[in-house]
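Working notes, structure below.
The numbers here are math on the coordinates, done by the rules we state, and not lab data. All values reported here derive from a predicted model rather than from experimental measurement. Every residue, glycine as well, gets a Cβ built from its backbone with ideal geometry; the counts of neighbours run over all protein chains shown.
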Amino acid sequence: MRIFKSYGKFIKTKYKNFDIFKPCNLNIDSDANININGYFNFNLPCILDKKNYLAGELIICKDATLEVNGCFSVYAGSSIAINEGAILILGNGYMNLNSKIRCRDKIVIGDGTIISENVHIRDSDTHTILNSNHIPTQPVYIGKNVWIGVGVTILKGVTIGDGAIIGAGSVVTKDIPAGCLAAGNPAKVIRKNVEWK
């Protein structure tokens, strides 16, 4: 893994329409599949003060796939890791400061979805509970125009429907229908037929 310490400049990659800003911990395997059908900005600058800048982290392992269908921006201090053979698909949208995506199987994020600060999205528990029917990894599907509030955690096997709102600090462990506001730990639907802009 290479570590870049300077700030405000691009890291050059061989990929078209893919900008990475320093400082960034970057590890892209030569056998990774990267398809940018639009634009992908990673670690966009956000100055907290005059001396400290947030470093991003982007890890794309062997045979992993990153597919961007539209323009997707990831702001400073965020981290994306796509494990070997896993697939991450992004539409138009953005991921705000200090958020994380951990993809071991498949994560799909639809057009118009916004991900607030300190959000954690993962499709795996990473470990297995022995002597049980525990399934450690299942895909995550986040629909179009979903608003994910500050500090939300979205766990494996979850589908969030189009237009849903996930309230700040929620832990999503089960599916959330389209057009619903969900909040809490675990997140539960507290209002139906919501809209946001």
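So the values come out like this:
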read-out: Estimated vicinal HN-Hα couplings, Hz - region 23-32 in sequence order (Karplus 6.51, -1.76, 1.60; Gly, Pro = x); value: x, 7, 7, 10, 9, 10, 5, 5, 9, 6
read-out: Region 59-148: radius of gyration over Cα atoms, expressed as a fraction of 2.2 N^0.38 Å; value: 1.10
read-out: Rounded FRET efficiency, nearest 0.05, which uses the C-beta distance separating residue 17 from residue 62 and R0 of 30 Å; value: 0.85
read-out: From the C-alpha gyration tensor of the chain, square roots of 5λ in Å; value: 27, 20, 16
read-out: Longest site-free stretch - the chain; sites: GluC sites (Glu not before Pro), DSSP loop, at most 14 other Cβ within 10 Å; value: 85-194
read-out: Global geometry of region 94-189, whether rounded, prolate or oblate, following the gyration tensor of its Cα atoms and the 1.5 cut on a/c; value: prolate
read-out: Bridge type composition, region 2-191 - antiparallel percent by DSSP, nearest 5; value: 15
read-out: Assigned charges on the beta-carbon of Lys, Arg, Asp, Glu; region 2-191 dipole about Cα centre (debye); value: 500
read-out: Phi to ³J(HN,Hα) by Karplus 6.51 cos²θ - 1.76 cosθ + 1.60 over region 122-132, Hz, x for Gly, Pro; value: 8, 9, 8, 7, 6, 10, 10, 8, 6, 6, 8
read-out: Residue-span extension gain [residue 191 to residue 134] - 0.36 nm each, minus C-alpha spacing; value: 17.4 nm
read-out: Ranked list, fewest to most other Cβ atoms within 10 Å of each Cβ, for 176, 190; value: 190, 176
read-out: Share antiparallel - DSSP beta bridges, region 134-197, percent rounded to 5; value: 25
